[in-house]
Amino acid sequence: MKLASLKHGRDGALIVVSADLAWYADATHIAPTLQAALDDWDRLLPDLQNLATDLEHEAIPMRRFHEHAAAAPLPRAYQWADGSAYVNHVALVRQARGAAMPETFWHDPLMYQGGSDGFLGPRDPIPLADEAWGCDLEAEVVVVTGDVPLGASREQALAAVRLVGLTNDVSLRNLIPGELAKGFGFFQSKPASAFSPVFVTPDSLGEWWRDGKLHRKLMVDVNGKPFGRVDAGIDMTFDFGTLIAHAAKTRTLGAGTIVGSGTVSNRDGDGGPGKPIAEGGVGYCCLAELRTVETIKGGAATTPFLKAGDTVRIWAEDDRHHPIFGVIEQSVGG
(Lines give C-alpha, C1' and ligand atoms only; values in the text may rest on other atoms or scores of the structure.)
Protein backbone atom coordinates (compact mmCIF):
# COMPACT_ATOMS: atom_id res chain seq x y z
CA MET A 1 0.00 0.00 0.00
CA LYS A 2 1.21 3.46 -0.93
CA LEU A 3 0.13 6.53 1.04
CA ALA A 4 0.61 10.21 0.26
CA SER A 5 -0.65 13.63 1.23
CA LEU A 6 -2.01 16.24 -1.15
CA LYS A 7 -1.11 19.81 -0.28
CA HIS A 8 -3.87 21.03 2.01
CA GLY A 9 -3.41 23.18 5.11
CA ARG A 10 -0.53 22.37 7.45
CA ASP A 11 -0.86 18.59 7.50
CA GLY A 12 -2.08 17.68 4.02
CA ALA A 13 -5.00 15.48 2.97
CA LEU A 14 -4.50 11.71 3.10
CA ILE A 15 -4.78 9.70 -0.11
CA VAL A 16 -4.07 6.12 -1.17
CA VAL A 17 -2.00 5.87 -4.36
CA SER A 18 -2.04 3.02 -6.88
CA ALA A 19 0.95 0.70 -7.10
CA ASP A 20 1.99 2.25 -10.42
CA LEU A 21 1.66 5.78 -8.96
CA ALA A 22 -0.79 6.75 -11.72
CA TRP A 23 -4.01 7.12 -9.70
CA TYR A 24 -5.19 8.01 -6.23
CA ALA A 25 -8.29 7.70 -4.09
CA ASP A 26 -9.27 10.11 -1.38
CA ALA A 27 -8.82 8.57 2.08
CA THR A 28 -9.91 11.46 4.26
CA HIS A 29 -13.14 9.67 5.17
CA ILE A 30 -10.95 7.09 6.93
CA ALA A 31 -8.39 9.51 8.39
CA PRO A 32 -8.03 13.19 7.49
CA THR A 33 -4.22 13.08 7.60
CA LEU A 34 -1.45 10.52 7.59
CA GLN A 35 -0.63 11.42 11.18
CA ALA A 36 -4.22 10.65 12.18
CA ALA A 37 -3.93 7.27 10.47
CA LEU A 38 -0.68 6.52 12.31
CA ASP A 39 -2.25 7.50 15.63
CA ASP A 40 -4.94 4.82 15.17
CA TRP A 41 -3.06 2.47 12.84
CA ASP A 42 -4.28 -0.93 14.01
CA ARG A 43 -7.94 0.05 13.74
CA LEU A 44 -7.70 1.98 10.48
CA LEU A 45 -5.25 -0.21 8.56
CA PRO A 46 -7.88 -2.69 7.28
CA ASP A 47 -9.99 0.16 5.89
CA LEU A 48 -6.97 1.71 4.17
CA GLN A 49 -5.98 -1.66 2.71
CA ASN A 50 -9.50 -2.23 1.42
CA LEU A 51 -9.44 1.20 -0.20
CA ALA A 52 -6.09 0.39 -1.83
CA THR A 53 -7.50 -2.89 -3.17
CA ASP A 54 -10.57 -1.16 -4.57
CA LEU A 55 -8.31 1.41 -6.22
CA GLU A 56 -6.24 -1.29 -7.92
CA HIS A 57 -9.46 -2.91 -9.18
CA GLU A 58 -10.78 0.47 -10.37
CA ALA A 59 -13.88 -0.15 -8.28
CA ILE A 60 -14.05 3.35 -6.78
CA PRO A 61 -13.75 6.94 -8.00
CA MET A 62 -10.11 7.75 -8.70
CA ARG A 63 -8.10 10.65 -9.98
CA ARG A 64 -4.74 11.09 -11.65
CA PHE A 65 -1.87 11.34 -9.20
CA HIS A 66 0.43 14.26 -9.92
CA GLU A 67 3.56 14.39 -7.81
CA HIS A 68 3.71 18.19 -8.11
CA ALA A 69 0.47 18.30 -6.09
CA ALA A 70 1.92 16.18 -3.29
CA ALA A 71 3.21 17.50 -0.01
CA ALA A 72 5.66 15.46 2.00
CA PRO A 73 3.63 12.40 3.14
CA LEU A 74 4.01 13.84 6.66
CA PRO A 75 4.17 17.60 6.01
CA ARG A 76 5.26 17.97 9.63
CA ALA A 77 6.06 15.32 12.19
CA TYR A 78 6.33 15.01 15.93
CA GLN A 79 9.90 13.78 15.56
CA TRP A 80 12.60 13.53 12.89
CA ALA A 81 15.65 11.56 14.04
CA ASP A 82 18.36 11.06 11.45
CA GLY A 83 21.09 8.47 11.89
CA SER A 84 24.35 7.75 10.10
CA ALA A 85 23.97 4.07 9.36
CA TYR A 86 26.47 4.03 6.50
CA VAL A 87 29.66 4.55 8.46
CA ASN A 88 31.68 4.68 5.24
CA HIS A 89 29.99 8.03 4.59
CA VAL A 90 30.78 9.27 8.10
CA ALA A 91 34.43 8.31 7.75
CA LEU A 92 34.81 10.11 4.42
CA VAL A 93 33.07 13.30 5.50
CA ARG A 94 35.08 13.46 8.73
CA GLN A 95 38.25 12.90 6.73
CA ALA A 96 37.34 15.91 4.60
CA ARG A 97 37.00 18.02 7.76
CA GLY A 98 40.27 16.67 9.17
CA ALA A 99 38.36 15.15 12.10
CA ALA A 100 39.39 11.87 13.72
CA MET A 101 37.07 8.86 13.41
CA PRO A 102 36.47 7.26 16.83
CA GLU A 103 36.31 3.45 16.83
CA THR A 104 32.97 3.60 18.68
CA PHE A 105 31.33 4.93 15.51
CA TRP A 106 31.38 1.36 14.15
CA HIS A 107 29.50 0.03 17.17
CA ASP A 108 27.26 2.82 18.46
CA PRO A 109 25.02 4.70 15.98
CA LEU A 110 25.27 8.43 15.43
CA MET A 111 21.95 10.28 15.47
CA TYR A 112 20.73 13.84 15.58
CA GLN A 113 17.25 15.27 16.08
CA GLY A 114 16.31 17.45 13.14
CA GLY A 115 13.68 20.10 12.67
CA SER A 116 10.31 18.50 11.96
CA ASP A 117 7.85 21.38 12.10
CA GLY A 118 7.84 21.73 8.31
CA PHE A 119 9.11 19.48 5.52
CA LEU A 120 9.42 20.17 1.81
CA GLY A 121 7.29 18.38 -0.76
CA PRO A 122 8.97 16.21 -3.40
CA ARG A 123 8.93 18.94 -6.04
CA ASP A 124 9.38 21.97 -3.80
CA PRO A 125 12.50 24.07 -4.43
CA ILE A 126 15.44 24.01 -2.01
CA PRO A 127 15.63 27.45 -0.38
CA LEU A 128 19.17 28.83 -0.33
CA ALA A 129 19.87 32.37 0.84
CA ASP A 130 23.66 32.20 0.42
CA GLU A 131 25.63 29.90 -1.88
CA ALA A 132 28.65 30.34 0.39
CA TRP A 133 26.92 28.06 2.91
CA GLY A 134 27.79 25.04 0.76
CA CYS A 135 24.44 23.46 -0.12
CA ASP A 136 24.57 19.68 -0.52
CA LEU A 137 22.02 16.97 -1.23
CA GLU A 138 21.83 13.81 0.89
CA ALA A 139 19.84 10.89 -0.51
CA GLU A 140 18.59 8.63 2.27
CA VAL A 141 16.07 5.95 3.17
CA VAL A 142 13.57 6.72 5.93
CA VAL A 143 11.02 4.78 7.94
CA VAL A 144 7.99 5.97 9.88
CA THR A 145 7.20 4.24 13.16
CA GLY A 146 4.17 3.56 15.25
CA ASP A 147 4.49 3.90 19.01
CA VAL A 148 7.83 2.49 20.23
CA PRO A 149 8.23 1.67 23.94
CA LEU A 150 11.08 2.90 26.09
CA GLY A 151 14.00 0.48 25.88
CA ALA A 152 12.61 -1.35 22.85
CA SER A 153 14.61 -4.27 21.49
CA ARG A 154 15.70 -4.37 17.86
CA GLU A 155 12.87 -6.82 17.14
CA GLN A 156 10.28 -4.59 18.80
CA ALA A 157 11.66 -1.62 16.88
CA LEU A 158 11.37 -3.39 13.53
CA ALA A 159 7.82 -4.46 14.33
CA ALA A 160 6.95 -0.78 14.82
CA VAL A 161 7.94 0.22 11.26
CA ARG A 162 4.80 1.33 9.48
CA LEU A 163 6.10 2.95 6.29
CA VAL A 164 9.26 3.26 4.21
CA GLY A 165 10.30 6.16 1.96
CA LEU A 166 13.10 8.40 0.76
CA THR A 167 14.40 11.83 1.70
CA ASN A 168 16.71 14.54 0.46
CA ASP A 169 18.19 15.64 3.77
CA VAL A 170 19.81 18.90 2.68
CA SER A 171 23.02 19.95 4.43
CA LEU A 172 24.80 23.31 4.46
CA ARG A 173 28.31 21.90 4.62
CA ASN A 174 30.21 25.10 5.24
CA LEU A 175 28.15 25.84 8.36
CA ILE A 176 28.67 22.40 9.89
CA PRO A 177 32.25 22.71 11.22
CA GLY A 178 31.50 25.87 13.19
CA GLU A 179 28.36 24.39 14.71
CA LEU A 180 30.01 21.12 15.69
CA ALA A 181 32.95 23.00 17.19
CA LYS A 182 30.52 24.40 19.76
CA GLY A 183 29.86 20.84 20.92
CA PHE A 184 26.08 21.09 20.67
CA GLY A 185 25.28 19.56 17.27
CA PHE A 186 23.55 20.59 14.05
CA PHE A 187 20.99 23.34 13.78
CA GLN A 188 21.47 26.10 11.18
CA SER A 189 23.38 23.68 8.95
CA LYS A 190 20.35 21.37 8.60
CA PRO A 191 17.46 23.17 6.85
CA ALA A 192 14.15 21.54 5.86
CA SER A 193 14.31 18.07 4.33
CA ALA A 194 12.21 16.92 1.35
CA PHE A 195 10.50 13.53 1.17
CA SER A 196 9.40 11.17 -1.58
CA PRO A 197 5.86 11.62 -2.92
CA VAL A 198 4.66 8.36 -1.34
CA PHE A 199 5.57 6.23 1.66
CA VAL A 200 5.08 2.47 1.28
CA THR A 201 4.10 -0.23 3.76
CA PRO A 202 6.89 -2.80 4.28
CA ASP A 203 4.72 -5.72 3.14
CA SER A 204 4.28 -4.05 -0.25
CA LEU A 205 8.05 -4.04 -0.73
CA GLY A 206 8.31 -7.82 -0.43
CA GLU A 207 11.90 -9.08 -0.54
CA TRP A 208 13.16 -5.56 -1.09
CA TRP A 209 12.54 -4.96 2.61
CA ARG A 210 14.34 -7.47 4.83
CA ASP A 211 16.64 -7.43 7.85
CA GLY A 212 15.60 -3.85 8.53
CA LYS A 213 17.08 -2.62 5.25
CA LEU A 214 15.80 -1.49 1.85
CA HIS A 215 17.49 -3.65 -0.77
CA ARG A 216 17.24 -1.32 -3.76
CA LYS A 217 19.53 1.17 -5.45
CA LEU A 218 19.12 4.85 -4.74
CA MET A 219 19.27 6.69 -8.03
CA VAL A 220 20.63 10.23 -7.94
CA ASP A 221 20.95 12.67 -10.83
CA VAL A 222 22.45 16.15 -10.53
CA ASN A 223 21.70 18.62 -13.32
CA GLY A 224 20.34 15.80 -15.47
CA LYS A 225 23.45 13.61 -15.26
CA PRO A 226 23.82 10.32 -13.34
CA PHE A 227 25.54 10.99 -10.02
CA GLY A 228 24.71 7.98 -7.86
CA ARG A 229 23.46 4.42 -8.32
CA VAL A 230 24.13 3.29 -4.77
CA ASP A 231 22.75 0.09 -3.20
CA ALA A 232 20.97 0.87 0.07
CA GLY A 233 21.04 -2.78 1.15
CA ILE A 234 24.82 -3.12 1.44
CA ASP A 235 27.43 -1.31 3.55
CA MET A 236 24.66 -0.37 6.03
CA THR A 237 26.40 -0.79 9.37
CA PHE A 238 23.24 -0.26 11.44
CA ASP A 239 19.86 -1.51 10.20
CA PHE A 240 16.65 0.36 11.00
CA GLY A 241 15.82 -1.89 13.92
CA THR A 242 19.11 -0.93 15.54
CA LEU A 243 18.61 2.76 14.75
CA ILE A 244 15.07 2.85 16.18
CA ALA A 245 16.12 0.92 19.30
CA HIS A 246 19.00 3.38 19.75
CA ALA A 247 16.55 6.30 19.62
CA ALA A 248 14.25 4.57 22.13
CA LYS A 249 16.97 3.78 24.67
CA THR A 250 15.92 6.58 27.01
CA ARG A 251 12.52 7.68 25.67
CA THR A 252 9.36 6.40 24.03
CA LEU A 253 8.85 7.27 20.38
CA GLY A 254 5.42 8.49 19.36
CA ALA A 255 3.54 7.27 16.31
CA GLY A 256 4.68 9.29 13.30
CA THR A 257 8.34 9.41 14.28
CA ILE A 258 10.53 9.51 11.16
CA VAL A 259 13.94 7.83 11.39
CA GLY A 260 16.52 8.33 8.65
CA SER A 261 19.37 6.10 7.55
CA GLY A 262 21.82 8.89 6.88
CA THR A 263 23.42 9.29 3.47
CA VAL A 264 23.55 5.97 1.61
CA SER A 265 27.14 5.11 0.74
CA ASN A 266 28.94 2.18 -0.88
CA ARG A 267 32.62 1.32 -0.75
CA ASP A 268 34.44 0.45 -3.93
CA GLY A 269 35.09 -3.21 -4.73
CA ASP A 270 38.64 -2.87 -3.42
CA GLY A 271 37.36 -1.63 -0.07
CA GLY A 272 38.34 1.98 -0.69
CA PRO A 273 36.15 5.03 -1.28
CA GLY A 274 33.54 4.72 -3.98
CA LYS A 275 34.29 5.84 -7.51
CA PRO A 276 32.31 8.21 -9.73
CA ILE A 277 29.95 6.61 -12.22
CA ALA A 278 32.11 7.92 -15.09
CA GLU A 279 35.01 5.85 -13.70
CA GLY A 280 32.99 2.65 -13.45
CA GLY A 281 31.83 3.11 -9.85
CA VAL A 282 28.37 3.45 -8.39
CA GLY A 283 28.81 7.11 -7.56
CA TYR A 284 27.52 8.95 -4.51
CA CYS A 285 24.43 10.18 -2.68
CA CYS A 286 25.97 13.50 -1.67
CA LEU A 287 28.51 15.94 -3.08
CA ALA A 288 30.65 15.86 0.06
CA GLU A 289 31.77 12.29 -0.65
CA LEU A 290 32.86 13.11 -4.19
CA ARG A 291 34.69 16.18 -2.93
CA THR A 292 36.47 14.05 -0.34
CA VAL A 293 37.55 11.53 -2.99
CA GLU A 294 38.79 14.40 -5.16
CA THR A 295 40.79 15.71 -2.23
CA ILE A 296 42.29 12.29 -1.51
CA LYS A 297 43.30 11.78 -5.14
CA GLY A 298 44.23 15.29 -6.21
CA GLY A 299 44.78 17.31 -3.08
CA ALA A 300 41.70 19.51 -3.49
CA ALA A 301 37.98 19.28 -4.17
CA THR A 302 36.99 20.47 -7.64
CA THR A 303 33.23 19.76 -7.70
CA PRO A 304 31.27 22.76 -6.37
CA PHE A 305 28.35 22.55 -3.99
CA LEU A 306 24.87 23.27 -5.31
CA LYS A 307 24.06 26.73 -6.56
CA ALA A 308 20.93 28.53 -7.68
CA GLY A 309 19.32 26.81 -10.65
CA ASP A 310 20.92 23.41 -10.07
CA THR A 311 18.59 20.41 -10.03
CA VAL A 312 18.56 17.24 -7.95
CA ARG A 313 16.59 14.05 -8.70
CA ILE A 314 16.34 11.11 -6.25
CA TRP A 315 14.38 7.87 -6.66
CA ALA A 316 14.48 4.08 -6.34
CA GLU A 317 13.26 1.68 -9.01
CA ASP A 318 11.42 -1.62 -9.13
CA ASP A 319 12.51 -4.43 -11.45
CA ARG A 320 10.73 -2.76 -14.37
CA HIS A 321 12.60 0.49 -13.77
CA HIS A 322 9.52 2.27 -12.41
CA PRO A 323 9.87 4.51 -9.34
CA ILE A 324 8.74 2.77 -6.15
CA PHE A 325 8.29 5.86 -3.97
CA GLY A 326 7.88 8.43 -6.72
CA VAL A 327 10.60 10.97 -7.45
CA ILE A 328 12.12 13.77 -5.41
CA GLU A 329 12.97 16.43 -8.00
CA GLN A 330 14.09 19.80 -6.74
CA SER A 331 15.74 22.90 -8.06
CA VAL A 332 17.85 25.14 -5.87
CA GLY A 333 16.39 28.52 -5.08
CA GLY A 334 13.22 28.16 -7.15
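The values are calculated or read from the model by the stated rules, or taken from the named source; none is laboratory data. Note that this is a predicted model, so its numbers are computed, not measured. Cβ atoms come from the backbone with ideal geometry, glycine included; neighbour counts cover every protein chain shown. Ligands, DNA and RNA are stripped out before the accessible areas are found, and what is left, the full protein with its side chains, is counted by its heavy atoms. Shrake-Rupley method; radii C 1.70, N 1.55, O 1.52, S 1.80 Å.
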Query raised in the report: Put a dot 7 Å past each Cα toward the Cβ at Ala22 and His57; how far apart are the dots in nm?
Result: 1.9
Query raised in the report: Given springs between every Cα pair under 10 Å in a Gaussian network model of the chain, which of Pro226, Pro197, Pro122 has the largest fluctuation?
Result: Pro226
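Checking the table Lys2/Lys275; Lys190/Lys217; Lys217/Lys249; Lys190/Lys297 against a 32 Å threshold on Cα-Cα, which pairs fail?
Listed pairs above 32 Å: Lys2/Lys275.
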Query raised in the report: Rolling a 1.4 angstrom probe over the protein heavy atoms, how many square angstrom per residue are accessible across the stretch 1-103?
Result: 47
Query - Probe 1.4 Å, protein heavy atoms only - accessible area per residue of the stretch 121-182 in square angstrom - result: 36
**Report entry** Simple Cβ-charge dipole of the stretch 91-218, Lys/Arg +1 and Asp/Glu -1, about Cα centre, in debye nearest 20
**Finding:** 180
Query raised in the report: Can you list the residues, at least 5 places off or on another chain, whose amide H is less than 5 Å from the amide H of Ser84, using H built in the peptide plane?
Result: Leu110
Report task. Pick out, in residue order, every one of the GluC sites (Glu not before Pro) in the stretch 1-110 that is DSSP loop and has at most 14 other C-beta atoms within 10 Å; say none if there are none. Result -> Glu58
Requested in this report: Would you mind checking which residues have amide H under 5 Å from Leu166's amide H? H placed 1.01 Å from N; only 5 or more apart, or other chain.
Outcome: Val142, Ser196
Query raised in the report: Out of every Cα-Cα pair in the stretch 101-251, what percent are more than 26 Å apart?
Result: 32
**Report entry** Solvent-accessible heavy-atom area per residue, rounded to whole Å², over the stretch 206-265 at 1.4 Å
**Finding:** 36
Query raised in the report: What is the chain's relative contact order, in percent, from Cα pairs under 8 angstrom and six or more apart in sequence?
Result: 22
Requested in this report: Go ahead and estimate [θ] at 222 nm for the chain from helices alone: -39,500 (n - 2.57) per DSSP H run with n ≥ 4, summed, over the residue count, rounded to 500.
Outcome: -5500 deg cm²/dmol
Report summary line: Across all Cα atoms of the chain, Rg and the largest Cα-Cα distance (Dmax), in Å, are 19.1, 61
Requested in this report: Name the most mobile residue of Ala159, Ala71, Ala288, meaning the one with the largest mean-square fluctuation, in a Gaussian network model of the chain with Cα contacts below 10 Å.
Outcome: Ala159
**Report entry** Selected from Arg123, Arg216, Arg63 as most flexible by GNM, with the chain as the system and alpha-carbon contacts under 10 Å
**Finding:** Arg63
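Can you pull out the chymotrypsin sites (Phe, Trp or Tyr not before Pro) in the stretch 236-334 whose DSSP state is coil and whose Cβ has at most 14 other Cβ atoms within 10 Å?
Answer in residue order: no site qualifies.
With a 1.4 Å probe and every protein chain kept in, tell me what percent of the accessible surface of the chain is carbon plus sulfur.
51
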